[in-house]
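Working notes, beginning with the structure itself.
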């Protein structure tokens, strides 16, 4: 677990040392130098933290399973939880657009007796570069019981890990739990929902094969979703095949190393493939998602030359019926949505009997109810 979080810490230190006197999003008072060792390397530790949800990797497997079980009970017996968050408020701070995330959180807390407040970065001082994270988090956490934040890489000009760093700054200065609604590195709510949906359909994780596969998309997309499904599936003991056309589309080295370690600890397996059809053979789950090359992060023009070769008739990295027909009898197709039909995946697969994408989207609400209740109860 140390690898990726040490990289985050090291990157944070380098980024902070290069900042001008005033950054456009984080104020000066939140930019404290992290601890270093005698060699000057950052040694900030990222331990298990169940008082926030920044990534599922920072939750124990016991808590992950507890929240998944709670989500199932909430889905099956919603009446028991009508007042579970009575008079509690959730601040939903969006720096980027949202359909499923905003609706599932806002409806979810309403159905549990609480209230969601939407904040658009365009209409807040922090979003305009006029207030610090420290001041914003300190004040908002006096109004609200929970704070949830979404921030995509385009907001920080594609500076690697900067969004995740800012989420951690929010958690540092907030006196209430902070929930990551997706940053540049993790989408833990989606990852937990994916695990919930797999368990709901297939009843168990151990011994189940999941193919997490790249697909062509006209644009290089962030890596938060593939990072999150890769990490949680390897932690829960699944047999994971990570599939991409070539090593240019590997995820961050730290994420890949962490997935391998997770699999060894959980009793699952982790392998890498460059053939989508072979990866789908016998799979119980096919999870398709596109992402950009780490080698050209934030630089779409040269990156496009890499990906365009996988949109040819002879080498088309799109999930179609032929590939899904190679899967197991009980297999399911998953995608986090939104998706470009007939580019990432065909209509036939999206609308086919193996598709669970709408169940998956619905489950966002049930799982996020469980997340809010778990974190909200801690703060009571």
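When the helices of the chain are scored as -39500 (n - 2.57) per DSSP H run of n ≥ 4 and the total is divided over every residue, the value at 222 nm lands at -12500 deg cm²/dmol.
A simple spin-label model places the labels of residue 96 and residue 48 3.0 nm from each other, with each point 7 Å out along Cα-to-Cβ. If the chain linking residue 274 and residue 87 were pulled fully straight, counting 0.36 nm for each residue of separation and taking away their Cα-Cα distance, it would gain 62.2 nm. Normalised by the number of residues in the chain, the average gap of Cα pairs under 8 Å and 6 or more apart makes the relative contact order 18 percent. Treating r as the C-beta distance of residue 110 and residue 378 and R0 as 22 Å, the FRET efficiency rounds to 0.55.
Measuring r between the beta carbons of residue 130 and residue 316 and using R0 = 45 Å, the FRET efficiency lands at 0.40. Under 25 °C and 0.890 mPa s, how fast does segment 203-251 diffuse according to Stokes-Einstein, given a Kirkwood radius computed over C-alpha pairs? Answer in µm²/s, whole number. Roughly 208 µm²/s, to the nearest whole number. Across segment 228-303, Cα pairs under 8 Å and at least six residues apart give a relative contact order of 36 percent.
Each part reduced to its alpha carbon centroid, segment 57-78 and segment 86-152 end up 23 Å apart. For segment 233-305, treating each Cα as an identical point scatterer without solvent, what Debye log10 I(q)/I(0) comes out at q = 0.24 1/Å? Here the Debye-derived log intensity ratios amount to -1.14. For the pair residue 219 and residue 257, label points projected 7 Å from Cα toward Cβ lie 3.2 nm apart. Using only the Cα atoms of segment 188-360, build the gyration tensor, take square roots of its eigenvalues as a ≥ b ≥ c, and label the shape rounded, prolate or oblate: rounded if a/c is under 1.5, else prolate if a/b is larger than b/c, else oblate. Judged from the Cα gyration tensor, segment 188-360 comes out oblate (a/c at least 1.5, b/c at or above a/b). The slack between residue 143 and residue 62, meaning 0.36 nm per residue of separation minus the straight C-alpha distance, is 26.1 nm. Take each peptide in 357-365, 265-273, count the other Cβ atoms within 10 Å of every residue, and average; sorted highest first, the result is 357-365, 265-273.
Across segment 307-347, the residues whose backbone nitrogen lies under 19 Å from the label position 7 Å along the beta-carbon direction of residue 358 are 332-342, 345-347. Quotient of the Cα radius of gyration of the chain and 2.2 N^0.38 Å, N being its number of residues: 0.96. With 0.36 nm allotted per residue and the present C-alpha distance subtracted, the residue 301-residue 73 stretch has 77.4 nm of extension available.
Taking label positions 7 Å along the Cα-Cβ direction at both residue 250 and residue 348, the computed distance is 3.5 nm, reported to one decimal.
The numbers here are math on the coordinates, done by the rules we state, and not lab data. Keep in mind that what you see is a predicted model, and the values were worked out from it rather than measured. When we count neighbours, we look across all protein chains shown, and the Cβ atoms used for this are built from the backbone with ideal geometry, even at glycine.
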